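Each remark here refers to the structure printed beneath this line.
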């Protein structure tokens, strides 16, 4: 091989190396740019959601010895965080698609961009089955049982048993079920009216309330009367359709632990405050159902009175702290920048 050939070979190697390096740099730059765009499309809710995933991830790393599969949990949380950012990015980009594609894709991503918080809340609650003993290995139910006796003079979940009748049980199970619809109804009304700022404000109140409850559950594990007092019931609770429906839901979704504070109560109260601020008529519609739901959590043996009081506190804090988060962020969401329709603020 001549010197010229060798020189050409060396030059080719240099070009190839430079090209590979440029490709790597371009890929890294592209990823960083997409991440920045996704973050720019996120809002106050994402601050809370990603902040919670980050905090719980740090706790998992610090207390990994108390967990069975800490690496799997951290990978799962990273995937959830990435999914949130991808949804934010997809929601922002969908409105830029031209032609016939715009109608379907924009509606599809717009819907999931706004409704994924409900799935996020379910994920966080179900994840608590693995995180409930993250910090403390035992259960703290004895303390809440003592508090309930001090407050009421009885053990409320046991005391309710002498009142149990199929009709009352069915009413209580119906009241318990209403928890699942408060945020859906309020969010649905705001979504239908295209009040994006108000919609995301309500999601932010709920997120803060739930996060406070999840962190408290990690630090103060409580398994609930359903497990602690299981040997002391004399009869099963029997009813009708809603009793069967709740039993079915709990058969596949019940979490052993994370009873304090009651996420049922916290979520309902955060939605109730959201209704007070954004749809006053819904507040007055929800109020009697929420009150009955609070009583039902004790009647159906899922919570102590202390859990209910804790849920009232965290749900209320969720609203007031959520308002502060939105003020700090400057707006409830950046999704409104690409969302068609009205952006009005209704406080009643």
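Residues that are farther than 17 Å from residue 160 by Cβ, at least 2 per element: which helices (runs of 4 or more DSSP H) completely within region 216-316 meet that? Walk me through how you get there before you give the answer.
Values: elements: 225-228, 241-253, 263-278, 280-299.
Ranges flagged: 241-253, 263-278, 280-299.
Among (1) under 23 Å from the mean Cα position of the chain (by Cα); (2) in a helix (DSSP H, G or I), which single condition is residue 194 missing?
Evaluating residue 194 over (1) under 23 Å from the mean Cα position of the chain (by Cα); (2) in a helix (DSSP H, G or I) leaves (2) as the failure.
Is it the case that region 197-212 has a residue that's out of contact with any strand residue (DSSP E or B) (no Cβ under 6 Å at 6 or more places or on another chain), closer than 27 Å to residue 270 by Cβ and not in a helix (DSSP H, G or I)?
Looking for residues that are out of contact with any strand residue (DSSP E or B) (no Cβ under 6 Å at 6 or more places or on another chain), closer than 27 Å to residue 270 by Cβ and not in a helix (DSSP H, G or I), one finds none in region 197-212, hence no.
Applying the selection to region 77-110, what residues are crowded, with 18+ Cβ neighbours inside 10 Å, at pLDDT 80 or above and more than 18 Å from residue 43 (Cβ to Cβ)?
Of everything in region 77-110, just one residue is crowded, with 18+ Cβ neighbours inside 10 Å, at pLDDT 80 or above and more than 18 Å from residue 43 (Cβ to Cβ), namely 77.
Residue 219: surrounded by fewer than 16 Cβ atoms within 10 Å (Cβ to Cβ), assigned by TED's automatic domain parsing to the domain that holds residue 255 and over 20 Å from residue 261 (Cα atoms), yes or no?
Considered against the rule, which asks whether it is surrounded by fewer than 16 Cβ atoms within 10 Å (Cβ to Cβ), assigned by TED's automatic domain parsing to the domain that holds residue 255 and over 20 Å from residue 261 (Cα atoms), residue 219 comes out as no.
Have a look at 161, 170 and point out the one that is modelled with pLDDT under 95, in the same structural domain as residue 232 (by TED's automatic domain parsing) and either surrounded by 13 or more Cβ atoms within 10 Å (Cβ to Cβ) or more than 30 Å from residue 58 (Cα to Cα) (or both).
Just one listed residue meets the conditions, 161.
Would you point out the residue of region 330-340, among those that are assigned to a helix (DSSP H, G or I) and surrounded by 18 or more Cβ atoms within 10 Å (Cβ to Cβ), that is modelled with the highest pLDDT?
Taking the candidates together, the pick is 335.
With modelled with pLDDT under 70 and over 27 Å from residue 105 (Cα atoms) as the only criterion, which of 16, 74 stands out?
Residue meeting the stated conditions: 16.
The values are calculated or read from the model by the stated rules, or taken from the named source; none is laboratory data. Computed from a predicted model, the values in this text were never measured in an experiment. Methodologically, a virtual Cβ is constructed for each residue, glycine included, from the backbone with ideal geometry; neighbour enumeration extends over all protein chains shown.
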